[in-house]
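Below: the structure, in structure tokens.
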Amino acid sequence: MATQTVTYYANDNLGDIDSVAIYHKTNEAVVTRKIKVGLKGGQNKVEIRCLPTSCKASSHDRRVDISGNATIVEHTLHLTPHDYTGKSSLHKRQDEVVNNIKTIKGFKYQSSENSGMAKILERDLEVIRRDIAQVAANLSISVSSRGAGEVELSVTYTLPNASWTPRYSLSAEIAPTGDQPPLVYLDYMAAVSQETGEDWKDVTVKVGTAKELDGGIIPSLIPYFIGPQAHGYVGPEKSTGINATFELASKWNIKSCHRSPAMLSGKLIAKIDLCPVAIGWTTVPKNSRDVFIPCKVKNTSGYPLLPGDAAIYRNEELVRNSPLPPFLIGLREKLLRPQESFICSLGVDPSVRITYHPHIETVSGHGSFNGFSGKSSTSTFIQRITIENQKLTSIAPLVVKDQVPVSNDARVKITVLEPSDLLQDRDGTLVESHSNVWARWVNCAGVGESGDMPTYQSAKGLLEWVCEIGPATTMDLTLAWEVNAPVGLMWAGASV
């Protein structure tokens, strides 16, 4: 019995694309088509023509299933050399012929002349389709059918040059009266682009992973050390695997074309309620007089959050654009798993003003130096910081970061004078400096290191006050230290 051949043109049946899955790691799309064909009993060959030439050739990158009274015998993908120029012109010609046929058949009264013209155009269309098939991928499927009838083929193939990028919109609502807890919501979105050579119309899209503005970034303090001044020294210049798949809501239409990331619109994956959250205020007045609002949030969803750009809003106003999650471990991207937490900045609070007064330096008389012969000189430094809360509500905790130098020479001794209770041999526990103000050394342990409680040496001189300031209140903080060194020893401070 002769084998029946059924020809199916993929480019004419984009509506048969059932779903598309796009993977973040490989930048590939896995496309599934649902194709209904009529078979006769015995051997049949289904020729699927005009698939994108970018189809991956390996049998591991495609799959063919069948429902009905039939069995797949084998399937083979035939690839032809890429000829994008010729293919593009053929597709344009095909669209013109199809539109002309529709126009003629749309006439209310069909003359013999119109009918003849339509037949000529249909023959032209068949020739164009055969030409397109010569510069496209074609899939041959051998099917054994136990009887005549219609069956449904599920054809899955893999295309490169498809990608999706995570995007986020984080919205925080902070009550001005402070009598309600802050509300934080996260819109998790996917921006999809593809240049596969195949348009996707009204399809279900899944995105998956096979792995694991200025004014919003809180500046950090760099330890600096005092020691003998080197001749000709110039200081350093300042330099200003988890698997998951998400099905996106609604159907998508995505054309195959190049688009810059900025032009891509995001489609919602999930809207996540991140409450409860903890907010505070942080300032590093030595580097910036701004007071930032850090917000610690937990990923309360079941979704891993991949690194992506985020627009951050506070009380419906855009305060900054930032990477999210806002950290990298070395050079490896780190996603945020469910129940993991991160800290992001909600921008600057203009209602809290900081004054970082010019420091005062005094030099005392000479005396013996640590019991050794020779004279020493003591220089005293006083730094005053004024905080003005212009809000009608209290703010807490407010963290104020500063530093004292660390000596890297045994002849130079540094003593912290204020905060008076923050002795240099204390650990990193909070000590009350004065009413509603506590001070402690900062933990400088690396990522993933717990370490012991920080001390003056392990903190490298970095300290912070934790304050609670009442409404419409002004507060002063004082940091004072002295440097004792042999007379004639030229010491200098340097950051590292």
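Observations
- Among the conditions (1) within 15 Å of residue 343 (Cα to Cα); (2) in a strand (DSSP E or B); (3) touching a Leu at 6+ places or on another chain (Cβ under 8 Å), residue 296 misses just one, which is (3).
- Test set (1) in contact with a Ser or Thr (Cβ under 8 Å, 6 or more places away or on another chain); (2) at pLDDT 85 or above; (3) surrounded by 13 or more Cβ atoms within 10 Å (Cβ to Cβ) - residue 438 fails condition number: (1)
- Checking each residue in segment 131-160 for being under 35 Å from the mean Cα position of the chain (by Cα) and surrounded by 19 or more Cβ atoms within 10 Å (Cβ to Cβ) picks out 155, 157, 158, 159.
- Residues that are closer than 15 Å to residue 288 by Cβ and either in contact with a Pro (Cβ under 6 Å, 6 or more places away or on another chain) or part of a loop (DSSP other than H, G, I, E, B) (or both), drawn from segment 382-400: 385
- Within segment 461-495, the residues that satisfy the criterion of being over 23 Å from residue 357 (Cα atoms) and either buried (at least 16 other Cβ atoms within 10 Å of the Cβ) or touching a Phe, Trp or Tyr at 6+ places or on another chain (Cβ under 7 Å) (or both) are 484, 485, 486, 489, 491.
- So residue 204, is it modelled with pLDDT under 90, under 30 Å from residue 55 (Cα atoms) and of a type in the set (S, T, N, Q): no
- Of the candidates 382, 354, the single residue that is in contact with a Lys or Arg (Cβ under 8 Å, 6 or more places away or on another chain), surrounded by 13 or more Cβ atoms within 10 Å (Cβ to Cβ), more than 30 Å from residue 304 (Cα to Cα) and modelled with pLDDT of 90 or more is 354.
- Of the strands (runs of 3 or more DSSP E) lying entirely inside segment 161-209, the ones with 1 or more residues being acidic (Asp, Glu), surrounded by fewer than 18 Cβ atoms within 10 Å (Cβ to Cβ) and within 24 Å of the chain's Cα centre (by Cα) are found at 162-173, 183-194.
- Here residue 98 qualifies as in a helix (DSSP H, G or I), at pLDDT 80 or above and surrounded by 12 or more Cβ atoms within 10 Å (Cβ to Cβ).
- Identification of strands (runs of 3 or more DSSP E) wholly contained in segment 1-57 with 3 or more residues that are of a type in the set (A, V, I, L, M, F, W, C) yields 17-23, 28-39, 42-51.
- Between 265, 250, 301, the distinction of being at pLDDT below 90 and at positive phi belongs to 250 only.
- Within the span defined as segment 365-375, every residue fails to be surrounded by 15 or more Cβ atoms within 10 Å (Cβ to Cβ), modelled with pLDDT of 85 or more and either touching a Pro at 6+ places or on another chain (Cβ under 9 Å) or not assigned by TED's automatic domain parsing to the domain that holds residue 175 (or both).
- Residue match in segment 16-36 (condition: polar (S, T, N, Q), assigned by TED's automatic domain parsing to the domain that holds residue 141 and in contact with a Gly (Cβ under 9 Å, 6 or more places away or on another chain)): no
The values are calculated or read from the model by the stated rules, or taken from the named source; none is laboratory data. These numbers come from a predicted model, not from an experiment. Methodologically, a virtual Cβ is constructed for each residue, glycine included, from the backbone with ideal geometry; neighbour enumeration extends over all protein chains shown.
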